1. Can you name every residue in segment 2-15 that is surrounded by fewer than 13 Cβ atoms within 10 Å (Cβ to Cβ) and either in contact (Cβ under 8 Å) with a residue 60 or more places away in the chain or touching a His at 6+ places or on another chain (Cβ under 6 Å) (or both)?
2. Identify, by number, the condition in (1) surrounded by fewer than 20 Cβ atoms within 10 Å (Cβ to Cβ); (2) more than 11 Å from the chain's Cα centre (by Cα); (3) without any contact (Cβ under 8 Å) to a residue 60 or more places away in the chain that Ala62 doesn't meet.
3. With the requirement that a residue be modelled with pLDDT of 95 or more, of a type in the set (Ser, Thr, Tyr) and under 14 Å from the mean Cα position of the chain (by Cα), what does segment 111-156 give you?
4. Inside segment 68-87, can you point out the residues that are assigned to a helix (DSSP H, G or I) and either more than 18 Å from Trp128 (Cβ to Cβ) or open to solvent by 70 Å² or more (accessible area, probe 1.4 Å) (or both)?
5. Within segment 31-47, can you find the residues that are of a type outside the set (A, V, I, L, M) and open to solvent by 30 Å² or more (accessible area, probe 1.4 Å)?
Amino acid sequence: MDWLSADCFKQIIECTPLVSVDLIVRNSNGEVLLGQRMNRPAKGFWFVPGGRILKNETLSDAFLRLTEAELGQSFEITSARYHGLYEHFYSDSVFGDQPDTHYVVNAFELIIDAVLELPKTQHNKYQWLSEFDLLERDDVHCHSKWYFEPDKGYTA
């Protein structure tokens, strides 16, 4: 898969939604993995791992690539449960205050009992939180909270 030039990617963000995968990663205690985002949008917030699907990349291939990039280990999509479809709207983008960003997100839940060596590319810190704790915190982004609130997405 080829990465887009910055100019091309900016034009796409200006004109169309991005399609992505978010990973609701749980440990054996039922806690959810969150990373503190280093990049816009949602910079500085605690967020579930994930990323966009590339052109001509199947959902299964995107899942493998994103789990490797975001979790440090690749997982097959068949090891996850589909959680639902969501829309995320941001007033900024990776390019700054303009353009705004619109994501159409496929959320998947993955239970991991293995110890992960988590990459520091998109998130500089990680933590495991209970659903109750993440819903109570102001520094957890609302889009990550939506996965644990009824009627926020288009579920199967």
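1. Listed by number, the list holds a single entry, Ala6.
2. Only one criterion is unmet by Ala62, namely (1).
3. Listed by number, the residues that qualify are Tyr126, Ser144, Tyr147.
4. Scanning segment 68-87 gives Glu68, Ala69, Ile77, Thr78, Ser79.
5. Filtering segment 31-47 down to residues of a type outside the set (A, V, I, L, M) leaves 31, 35-37, 39-41, 43-47.
Scanning segment 31-47 gives Glu31, Gln36, Arg37, Asn39, Arg40, Lys43, Gly44, Phe45.
Matching residues to (1) closer than 17 Å to Asp22 by Cα; (2) free of Cβ contacts under 8 Å to residues at least 60 places away in the same chain:
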{"residue": "Tyr90", "(1), (2)": "yes, yes"}
{"residue": "Asp113", "(1), (2)": "no, no"}
{"residue": "Glu117", "(1), (2)": "no, yes"}
{"residue": "Leu134", "(1), (2)": "yes, no"}
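The values are calculated or read from the model by the stated rules, or taken from the named source; none is laboratory data. Not measured: the values here are computed from a predicted model. Cβ sites come from the backbone with ideal geometry, for glycine too, and all protein chains shown count toward neighbours. For accessibility, only protein heavy atoms count, side chains too; no ligands or nucleic acids. Shrake-Rupley method; radii C 1.70, N 1.55, O 1.52, S 1.80 Å.
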